[in-house]
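These notes concern the structure reproduced below.
The values are calculated or read from the model by the stated rules, or taken from the named source; none is laboratory data. Please read all numbers here as calculations on a predicted model, not as lab measurements. All Cβ positions, even for glycine, are placed from backbone atoms using ideal geometry, and neighbour counts span all protein chains on display.
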Amino acid sequence: GEAELGPYRHFMQKEIFEQPRAVGDTLQDIDAIMPELFGDGAHAAFQAIDRVLILACGTSYYAGLTARYWIESVAGIPVNVEIASEYRYRTSVPDPRTLVVTISQSGETADTLAALKHARSLGMDQTLTICNVATSAMVRECKLAFITRAGVEIGVASTKAFTTQLTALYLLTLALAQTRGRLDAAAEEQAIKSLRHLPAAVSAVLALEPQIIAWAERFASKENALFLGRGMHYPIALEGALKLKEISYIHAEAYPAGELKHGPLALVTDAMPVITIAPHDELLEKLKSNMQEVRARGGELYVFADADSQIASAEGMHVIRMPEHYGKLSPILHTVPLQLLAYHTACARGTDVDKPRNLAKSVTVE
Ligand code: G6P
């Protein structure tokens, strides 16, 4: 009812603005990194594995793709991420020394549950879930679990569930790194410090809403959009494109920016906005030359840049500056403006934001 919505127009908007609280609750005043955050026996399980296999669908799959960058670079463990509905039906080569990680908001997605059973039938019985519903089938079926504290998510398009999944996956990365001797006390302290700052950092990004509304008004008349990111922000570009298509019905695609020249550049005209995630990282210079390729073809760039990215607004180049540089947690922060962009674009087009056509909140049948 109206009361539950408070000052918000839709549950999706309310849930986007709830993220500082949701991320904070998921962190639960954490003061140390330890495997036991993931349940009893996690330490032994983490020592008994040589690789990680992540299984999920939809937005949860993009959380898994992001986690691959973290786990491989911080913990040094090879990671495979698979779409549950594909994995369950393909012939793959199992390694019993695998930590199988399912990611699911609902814990009831039929394909993810079936993929988990499939992995187990192949002899992989170290299982862990990152899940938002403690009483779900997924939590019952997995040996280890981390419950995200997003709270009930009503909007069909997942928002706070995704950022809390990422928060949990970053904790998992740190715990795995620790069991590998790759997280010393100083690094642990630094990581906890930046995690504690995360809710405030998310709030600062939410304050960009008025600037994003201005962009959304321009997007409302478009029929296509391209999202670009590189490295750990490529999955965030995928998530931004998914949000936009789900609720505004604008066709959107995401590409790792280095792939532009292998196809999508052919689509670039002034009719297609190109949304670019441009944090100040080791790939920024390469990304800037990708952006020039778009500009040279008359493409309109909409760029999320760091305070210190040195990318300025110009003709055909619109820039929103992110409040801070967030290092490894940057994907979580860059998710938020893309959610707001999809949300306000959908509002401007007058779609049914909380219940987009043809989609279900939880897909419990195949
Ligand atoms: C549906 C929802 C998505 C969600 C996906 C996976 O498609 O609309 O928002 O990401 O299912 O759901 P899960 O509950 O397993 O995360």
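Of all residues in the range 11-30, count the ones that are of a type in the set (Lys, Arg) and either in contact with a Phe, Trp or Tyr (Cβ under 7 Å, 6 or more places away or on another chain) or under 9 Å from Thr164 (Cα atoms) (or both). Break it down stepwise before answering.
First, the residues of the range 11-30 that are of a type in the set (Lys, Arg): 14, 21.
Imposing the further condition that a residue be either in contact with a Phe, Trp or Tyr (Cβ under 7 Å, 6 or more places away or on another chain) or under 9 Å from Thr164 (Cα atoms) (or both) reduces the set to 14.
Here the count works out to 1.
The set of residues from the range 130-142 being assigned to a helix (DSSP H, G or I), more than 9 Å from the ligand (Cβ to nearest atom) and within 19 Å of Tyr62 (Cβ to Cβ) is empty.
Quick grid of which residues meet (1) without any contact (Cβ under 8 Å) to a residue 60 or more places away in the chain; (2) within 16 Å of the ligand (Cβ to nearest atom); (3) in contact with a Lys or Arg (Cβ under 8 Å, 6 or more places away or on another chain):
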{"position": "Gln190", "(1), (2), (3)": "yes, no, no"}
{"position": "Val202", "(1), (2), (3)": "no, no, no"}
{"position": "Ala220", "(1), (2), (3)": "no, no, yes"}
{"position": "Glu223", "(1), (2), (3)": "yes, no, no"}
{"position": "Leu228", "(1), (2), (3)": "no, no, no"}
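Would you confirm whether or not the range 322-332 contains a residue that is within 30 Å of Thr109 (Cα to Cα), hydrophobic (A, V, I, L, M, F, W, C) and in a helix (DSSP H, G or I)?
Scanning the range 322-332, I find at least one residue that is within 30 Å of Thr109 (Cα to Cα), hydrophobic (A, V, I, L, M, F, W, C) and in a helix (DSSP H, G or I), so the answer is yes.
Condition (residue is within 29 Å of Tyr170 (Cβ to Cβ), surrounded by fewer than 16 Cβ atoms within 10 Å (Cβ to Cβ) and of a type outside the set (Phe, Trp, Tyr)) applied to the range 325-337: is it met by at least one residue?
Step one: list which residues in the range 325-337 are within 29 Å of Tyr170 (Cβ to Cβ), which gives 325-337.
Still in the running and surrounded by fewer than 16 Cβ atoms within 10 Å (Cβ to Cβ): 325, 327.
Then drop every residue that is not of a type outside the set (Phe, Trp, Tyr), which leaves 325, 327.
Yes, the range 325-337 contains at least one residue that is within 29 Å of Tyr170 (Cβ to Cβ), surrounded by fewer than 16 Cβ atoms within 10 Å (Cβ to Cβ) and of a type outside the set (Phe, Trp, Tyr).
Per-residue answers, yes or no, for (1) more than 15 Å from the ligand (Cβ to nearest atom); (2) under 23 Å from Gln47 (Cβ atoms); (3) not small (Gly, Ala, Ser):
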site	(1), (2), (3)
Arg88	no, no, yes
Ile103	no, yes, yes
Gly151	no, no, no
Val156	no, no, yes
Thr164	no, no, yes
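With respect to the stated conditions, Thr127 is in contact (Cβ under 8 Å) with a residue 24 or more places away in the chain, within 16 Å of the ligand (Cβ to nearest atom), outside any helix (DSSP H, G or I) and not hydrophobic (A, V, I, L, M, F, W, C).
The C-beta contact set for the range 44-61 (first residue away from the ligand (no atom under 16 Å from the Cβ), second residue in a loop (DSSP other than H, G, I, E, B) and of a type in the set (Asp, Glu), distance under 8 angstrom, 6+ apart or interchain) comprises Asp50/Asp95; Arg51/Asp95.
If you go through the range 341-356 and pick out every residue that is of a type outside the set (A, V, I, L, M), part of a loop (DSSP other than H, G, I, E, B) and more than 12 Å from the ligand (Cβ to nearest atom), you end up with 3.
For first residues located in the range 325-352 and within 23 Å of Leu283 (Cα to Cα), partners that are surrounded by fewer than 22 Cβ atoms within 10 Å (Cβ to Cβ) and at pLDDT below 95 and lie 6+ apart or on another chain with Cβ distances below 7 Å form the pairs His325/His280; His325/Asp306; His325/Ala307; His325/Asp308; Leu333/Tyr326. Only a single criterion out of (1) free of Cβ contacts under 8 Å to residues at least 40 places away in the same chain; (2) under 20 Å from Tyr62 (Cα atoms) is not satisfied by Ser121, namely (2).
Out of Leu329, Leu338, one residue alone is more than 14 Å from the ligand (Cβ to nearest atom) and under 17 Å from Gly58 (Cα atoms). It is Leu338.
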